[in-house]
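None of the figures in this text is laboratory data; all of them are computed from the coordinates on show. These numbers come from a predicted model, not from an experiment. Neighbour counts are summed over all protein chains in view; Cβ atoms, including those assigned to glycine, are modelled from backbone coordinates with ideal geometry.
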Amino acid sequence: MRNADHAGPKARHFPLRIALLSTLTVAAITVISAVPAQASQLATEVADTAGGTETNLLLQNLLNGITFGLLLALASVGLSLIYATTGLSNFAHGEQVTFGAAAAFAAVTAGAPILLAAVFAVLAGGASGWLQDTVLWSQLRKRRIAPMQQMIVSIGLALAAVNLLQIWMGAQRVRLSTSIEVRYEFGPVSIGPQTMISMAVCIVALGAVGFFLQRTRLGRATRAVSDNPALASATGISVNRVIRIVWIMSGSLAALGGVLLALYENTSDFSAGARILLLMFAAVTLGGLGHPFGALVGSLVVGIVAEVSTVFLPTPDLKYAIVMGMLILTLLVRPQGLLGRKERVG
Amino acid sequence: MDINDILQIIVSPTTAAFALAAIGLNFHYGLTGLLNMGQAGFMLIGMYGYAITISQGGSMWLGILISFVGAILFALFLGWPTLRLRGDYLAIVTIAAAEMVRLIGRSQWLKEWTGGNTGLRGNQFKGPFENLSPFQPARIVEIGPFSFHTTIWWLMLVGWVAVAVAAALFWRLNKSPWGRVLKGVREDEDAVRSLGKSVYSFKMQALIIGGVLGAAGGVIWAHGNAVQPDSMGRVTTFWIWTMLLLGGAATVLGPILGSVLFWAMFVFIKQLAPLVLPNLAPQQIEPLALAFVGIGLILLIVFRPQGILGDKREISLNV
């Protein structure tokens, strides 16, 4: 296991520090801005009716970006784990996200409360991950089909899944919750309680993934497999079992991400996951393909850049184009990503 | 079941346009092993370059020139950061760049030129080409089972001649020393490098040639339909991949056969679905047919990666 840790303790904690730092930044911004709000609520209201100032817009977009980044991290951490352990760029991961929203929507339609529906979606997502690995991916590994060929298989799976989801959900937009969101004002920014709960769920879930990878036996085995499958196998780790568990985790995390995304955007449809697929790829590539914390750091960067850029762009509908441009630039100057090690790049 | 619909789609300009784009992808993937996941982006660049030039008052020839130059620049822009990296980086960058083109094209920002998300209508750019048509006067002409307007006959003639020229180009280059170097790059980059060849430069040349063919396909497609950014999303790229892998990568006729079979099957499934599943709502038929495309792609890779015409030894895919 030394192998996975040879970067040294300082480098190992670096991603954790970044995550902690960004969380603290959010907290600091909210606390600092909340103080004057309570002191002079009148002033805030006046500023609001005046249409909001430049700082106001910037901070609000920063907060939106962090929220979106956290959601994106939750959705894309599975993509990164699968890449790390199997070398597969899974193009069907967007449909995993949509599947979560669709399963939750089906449960809500059947009369379940939203919390129960979310739990159902997570379980269904995990089951879909298990099923996929059992029926498809483990068979492909057994047949020694190269990761690049598996990638094209995942494209086929994505094409099939998105259209089956469309047949299932219909082409119209669906809503998980019909309640109208109240928004709390904290000085220059406002945020709804639903979004705050979503953020908390994201942080807890991502923390759990981090704990799993860093502190548990199975998590260490997972990192060992991603470092060197042959060596891991030689030390007695059951590589296929680890990969199976990664698929289950990836499916449930993507489903949870899908549910939270549907709540955050207040709407969902059959292509909700497909729309963010490239953002997820941008996030994991930016953070460092296959690096366990790369997805988190990359997602926060992608979320913040996408939302904050709308302040400066000529038209806000270019925000995802900016992310795509950023991805290309990253590969130009630092192809291994922000956290990746240089040797990973061929 | 209408057999005529299937025959019509086989000869249609759309099929010719996709065959051209698939031949372009064959240069990338079949010959050189490059995982270009943004072929629809090349098509979109091509049709924008062509249609915008004409709608702004340029001539048709200038439009074609600009569309090809656009594809060359796009290939340079994509290849520059990624051709030195592992294959999957090229895949992610090409898909991202193609998406970027689509997002900028459909944005309100350049609406004056690109027409925003509604794109450009046919009457803004089709005129000069249709005026060149030798089939006058303009009317519907029936030949055997095919009944088209003369402008479509003219487009089909040009489209399939372009496909034939592209296939001949592939056939010739494939046999040339240049083509052998590309196949060497596909099989073993390091071996080619050790012979003193610049792998980077050869990959770039393949990317440019295939991209220009994609742009040409885009121009033909735009003439058969219109310039619509959202019909050139990444799913369109995946279709082109399915066509190439279906017909057989690294073969001369594979991409053409793939395009013909793809569209014929697509129409066939759309016609068959309501007969087999009478409960299916009309708006569910197209997604069902497209779901079959995805399943077909999976089965192809798993059971017959060389496609119909291909040679299994040529398709190792270990990039």
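When you restrict to C-alpha pairs under 8 Å that are six or more residues apart and normalise by the size of chain B, the relative contact order lands at 33 percent. Packing, taken as the mean count of other beta carbons within 10 Å per residue, orders the peptides A:325-331, B:206-212, A:133-139 from highest to lowest as B:206-212, A:325-331, A:133-139.
Which distance in Å, rounded to a whole number, links the C-alpha centroids of the range A:288-317 and the range A:68-122? When both Cα centres are located, 19 Å separates them.
Once both labels are modelled 7 Å past Cα along the beta-carbon direction, what's the A:ARG334-B:ALA264 spacing in nm? Simple spin-label model gives 5.3 nm for this pair. Between amide H atoms placed 1.01 Å from N, distances below 5 Å from B:LYS197 occur with no residue 5 or more places distant or on a separate chain. For A:TYR184, the residues whose amide H sits under 5 Å from its own are A:ILE191, A:GLY192, ignoring neighbours fewer than 5 places away on the same chain, with H placed 1.01 Å from N. Summarising the overall dimensions of chain B from its C-alpha atoms, the Rg and Dmax are 19.6, 63 angstrom.
Counting Lys and Arg as +1 and Asp and Glu as -1 over every other residue whose Cβ lies under 11 Å from the Cβ of B:ALA206, the net charge comes to +3. Listed values for the range B:176-193 are Karplus-derived 3J(HN,Hα) couplings in whole Hz (6.51 cos²θ - 1.76 cosθ + 1.60, θ = phi - 60°), namely 7, x, 4, x, 5, 4, 4, 5, x, 4, 5, 7, 7, 4, 5, 4, 5, 5, and x replaces Gly and Pro.
Legend: ranking of residues B:TRP178, B:TRP61 from fewest to most surrounding C-beta atoms inside 10 Å; resulting order B:TRP61, B:TRP178. How long is the gain from B:ARG313 to B:LEU73 if the chain were fully straight, where each residue apart is worth 0.36 nm and the alpha carbon distance is subtracted? Here the answer is 83.1 nm. Neighbour counts of C-beta atoms inside 10 Å place B:TRP160, A:TRP247 in the sequence B:TRP160, A:TRP247, starting with the fewest.
Each of A:ARG217 and B:ARG84 was given a label point 7 Å from its Cα along the Cα-to-Cβ line. The distance between the two points is 4.6 nm.
Overall, the anisotropy analysis places the range A:131-269 in the oblate class: the square-rooted eigenvalues a ≥ b ≥ c of its C-alpha gyration tensor yield a/c not less than 1.5, with a/b not exceeding b/c. Other protein chain C-beta atoms within 10 Å of residue C-beta, averaged over B:96-106: 6.
Our coupling estimate for the range A:231-243, obtained by passing each phi through the Karplus curve with A = 6.51, B = -1.76, C = 1.60 and θ = phi - 60°, is 5, 4, 4, 5, 7, x, 7, 7, 4, 5, 5, 4, 5 Hz, Gly and Pro reported as x. Over the protein assembly as shown, how many pairs of lysines fall under 20 Å by alpha carbon, counting only those 8 or more apart in sequence or from different chains? For the protein assembly as shown, qualifying lysine pairs total 11. For chain B, the 222 nm mean residue ellipticity estimated from helices alone, with every DSSP H stretch of n ≥ 4 adding -39500 (n - 2.57) and the total spread over all residues, rounds to -22500 deg cm²/dmol. Length gained on full extension, B:GLU130 to B:HIS149: 5.7 nm, using 0.36 nm per residue less the C-alpha separation.
Computed packing ranks the peptides B:191-199, A:147-155 as A:147-155, B:191-199, most packed first, by mean other Cβ atoms within 10 Å. Our summary of shape: the Cα atoms of the range B:161-222 have principal axis extents of 43, 19, 14 Å, ordered from largest down, in whole angstrom. Quick one: Debye curve from the alpha-carbon atoms of the protein assembly as shown only, equal weights, vacuum; give me log10 I(q)/I(0) at q = 0.06, 0.07 Å⁻¹ to two decimals. Normalising to I(0) and taking log10 leaves -0.35, -0.48.
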